[in-house]
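Structure first, commentary second.
The values are calculated or read from the model by the stated rules, or taken from the named source; none is laboratory data. As the structure is a computational prediction, the values presented were derived from the model and not from experiment. Glycine gets a Cβ as well: all are built from the backbone with ideal geometry, and neighbour counts include every protein chain shown. Heads up: the accessible areas ignore ligands, DNA and RNA and are worked out on the full protein's heavy atoms, side chains in. Shrake-Rupley method; radii C 1.70, N 1.55, O 1.52, S 1.80 Å.
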Amino acid sequence: MDFATTTEQRDLADAARRHLSERFPPSRLAATADHGLLDPEDWAALDRQGWLDAELGPVDLALLAEESGRALLPQPWVGTAGSALPVYQSAGLPLPGPAALVDSSDTCAAHDTPDWRISGSAPGVVDAHLATELVVAATTRQGVALFGVAPSEVSIAERDDIDPLRRYATVRLLHAPARLLADPGRTAELLPALRLRSAMLLACEAVGVADGALAEAVRYAGTRTQFGQPIGSFQAVAHQLAEAYAEIETARSLAYRAAVTLNGDGAAEAVACAAVAGPRAAVLACEVALQVCGGIAMTWEFGLHLRYRRALWLDAHRVTSVPPHDVLAALLLS
């Protein structure tokens, strides 16, 4: 299988990297992590850059997700593009803005009496506090359907988590008014695809987190000297960097494979492999960077801790239509 990117895709990734590096320098990321302040213009800028275009294919989205991970993009783009945007596209509706999927068909029920109302709760909803609309999966008498619910109609209880740039929330709904976005027949096809797409993008984001951490470690190892030599020339350092590089390239190949096969046969297995390899590479690369950079890496201002926090968050949040280890176990034992 050929994973080589086209000229247009490389240009897309380069433009995304330039945009994010200019708009989200380390000082701004640190301020966002400390105070949680987001500029609405950042989301508008992503839209103008084409990050929400319907014409973007899975590989295009994978490249953008990788760049968002490298930059630690403090906007809910991965969740919106991965889990919500296809719902609005399927319904023929414009995306209202940042949106979050509330995958809660086991805990939320919808009744049309006479208008749609939803009751229930869902823990662990990512970036719910940033959404302009929640896409809620709820059980109806005909089966699971997808609904749009205004955040003002629900209770959103944020919780502090390991990653200050991406937060969980518990969403509670009590007869919350809703609009139907996908009926049960469409949802049965759409919801598993959303889970796979979201997991693929998170795996690609993890590759970007890992690549950014390795780049920081390599830069530091090339300029920090001991005994008159850059520390990168020492085997103890060079071998760690090489191991992280090999892990990242494996994860990148698996992530691209997941993107290429996303809408075809073998998608679940490909996404499961990427969902395991991506966060693993991110955690390893961040831990290597922390060791290589030494004491400066422990400072709040250096910012490497934000990468490590995102890597740990991704490692804890591996999600596909079936948990990835279950998919891989079934594949190996079949």
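Worth pointing out:
- Pick from the stretch 170-219, criterion over 30 Å from Ile248 (Cα atoms) and of a type in the set (Val, Ile, Thr), ranking: farthest from the chain's Cα centre (by Cα): Thr187
- Residue count for the stretch 295-328, restricted to those that are open to solvent by less than 50 Å² (accessible area, probe 1.4 Å), at pLDDT below 75 and farther than 19 Å from Leu201 by Cα: 0.
- Residue count for the stretch 265-283, restricted to those that are open to solvent by 40 Å² or more (accessible area, probe 1.4 Å) and under 16 Å from Leu214 (Cβ atoms): 1.
- Positions within the stretch 165-181 being open to solvent by less than 60 Å² (accessible area, probe 1.4 Å) and farther than 18 Å from Val125 by Cβ, in sequence order: Pro177
- Flag for Asp53 being open to solvent by 10 Å² or more (accessible area, probe 1.4 Å), of a type in the set (Asp, Glu) and assigned to a loop (DSSP other than H, G, I, E, B): yes
- In the stretch 97-120, the residues that are over 18 Å from the mean Cα position of the chain (by Cα), open to solvent by 20 Å² or more (accessible area, probe 1.4 Å) and on the phi < 0 side of the Ramachandran plot: Ser105, Asp106, Thr107, Ala109, His111, Asp112, Thr113, Pro114, Asp115, Trp116, Arg117, Ser119
- Unique residue being part of a strand (DSSP E or B) and either buried (at least 16 other Cβ atoms within 10 Å of the Cβ) or touching a Lys or Arg at 6+ places or on another chain (Cβ under 8 Å) (or both) when the list is Ile162, Ile248, Ile156: Ile156
- Members of the stretch 11-45 found to be in contact (Cβ under 8 Å) with a residue 40 or more places away in the chain and over 29 Å from Thr299 (Cα atoms), listed by number: Leu12, Ala13, Trp43
- Filtered by the rule that a residue be over 14 Å from Ser83 (Cβ atoms) and either among the aromatic types (Phe, Trp, Tyr) or modelled with pLDDT of 95 or more (or both), the stretch 125-140 gives Thr132, Ala138, Thr139, Thr140.
- Of the residues making up the stretch 223-244, those that are in a helix (DSSP H, G or I) and either surrounded by 14 or more Cβ atoms within 10 Å (Cβ to Cβ) or in contact (Cβ under 8 Å) with a residue 60 or more places away in the chain (or both) are Ile231, Gly232, Val237, Ala238, Gln240, Leu241, Ala244.
- From the list Pro123, Pro94, the lone residue that is open to solvent by 50 Å² or more (accessible area, probe 1.4 Å) and closer than 18 Å to Ala157 by Cα is Pro123.
- Screening Leu262 with (1) assigned to a loop (DSSP other than H, G, I, E, B); (2) open to solvent by 60 Å² or more (accessible area, probe 1.4 Å); (3) of a type outside the set (Lys, Arg); (4) in contact (Cβ under 8 Å) with a residue 40 or more places away in the chain gives one miss only, at (2).
- Restricted to the stretch 129-153, and to residues there that are assigned to a loop (DSSP other than H, G, I, E, B) and closer than 30 Å to Pro26 by Cβ, the residue that is farthest from the chain's Cα centre (by Cα) is Thr132.
- Val78 being in a helix (DSSP H, G or I), surrounded by 16 or more Cβ atoms within 10 Å (Cβ to Cβ), among the β-branched types (Val, Ile, Thr) and in contact (Cβ under 8 Å) with a residue 60 or more places away in the chain: yes
- The residues of the stretch 6-32 that are open to solvent by less than 40 Å² (accessible area, probe 1.4 Å) and closer than 21 Å to Ser253 by Cβ, listed by number, are Gln9, Ala13, Ala16.
- Residue count for the stretch 140-152, restricted to those that are over 22 Å from Leu38 (Cα atoms) and surrounded by fewer than 19 Cβ atoms within 10 Å (Cβ to Cβ): 3
- Here Tyr220 meets each of (1) farther than 20 Å from Val125 by Cβ; (2) surrounded by fewer than 19 Cβ atoms within 10 Å (Cβ to Cβ) with one exception, condition (2).
- Qualifying residue in the stretch 204-214 (condition: in contact (Cβ under 8 Å) with a residue 40 or more places away in the chain, open to solvent by 20 Å² or more (accessible area, probe 1.4 Å), in a helix (DSSP H, G or I) and touching a Pro at 6+ places or on another chain (Cβ under 9 Å)): no
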